[in-house]
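Worksheet: the structure to be examined is printed underneath.
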Amino acid sequence: MRRRSMGYQSPIPVELKQANAKMALGDYSSAAYHYEALLREPNAENTKKRAFFSIMAGRARILTGQTSTGLAHLKRGLMRLAEGSHHIQLYRIGLRIAEELRQRNLLKEAAEISALVNANIPATAELPTEHSSHSAPRLPAACAVCGGPLRSDEVEWLTPRQAECPFCNTPVNAL
Ligand SMILES: [Zn+2]
């Protein structure tokens, strides 16, 4: 995996690396703790990053069985995407979260997430069609800098072959 050594303006918080590492290891309770610590940082200016921190905190809490805390994080994260007009991410991530909740038999929660997504996507938003994800190039499974999980249809593409890590904003080259 290629690692870039260019100096990016903001250093990668240790807390973020910890959170992503614990999540990847399946230590969801520690992961939630670290994502929540990131959310408490007063200088976290980027709402899209914070949206992803909230969503990961929510997924981690759901996976530890703390459904109501997890659902609150998930809703806050999706609302942050909505407020930033990140409609494609809101749509795709919202659908995936609803599916994950259904798979855990959290049907009421899944319905709440679907309703939130539907209520916050303007009719004029240009949404991807079912097949558009097939054309997105593959990405490494995780960001080499912060360890955040990457999905080619949920990230923003800077160029046709380079996407941006939503957790730390590092450019990531397609495979
Ligand atoms: Zn990253």
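The values are calculated or read from the model by the stated rules, or taken from the named source; none is laboratory data. The structure displayed is predicted, hence computed values, not measured ones. Reconstructed Cβ throughout: ideal geometry from the backbone, glycine too, with neighbour counts over all protein chains shown. These accessible areas exclude ligands, DNA and RNA; they are computed on the full protein's heavy atoms, side chains included. Shrake-Rupley method; radii C 1.70, N 1.55, O 1.52, S 1.80 Å.
Of the residues making up the stretch 153-175, just one is open to solvent by 30 Å² or more (accessible area, probe 1.4 Å), away from the ligand (no atom under 13 Å from the Cβ) and under 12 Å from the mean Cα position of the chain (by Cα), namely Asp153.
If the condition is being over 15 Å from Leu63 (Cβ atoms), modelled with pLDDT of 95 or more and of a type in the set (S, T, N, Q), then the stretch 83-117 contributes only Ser114.
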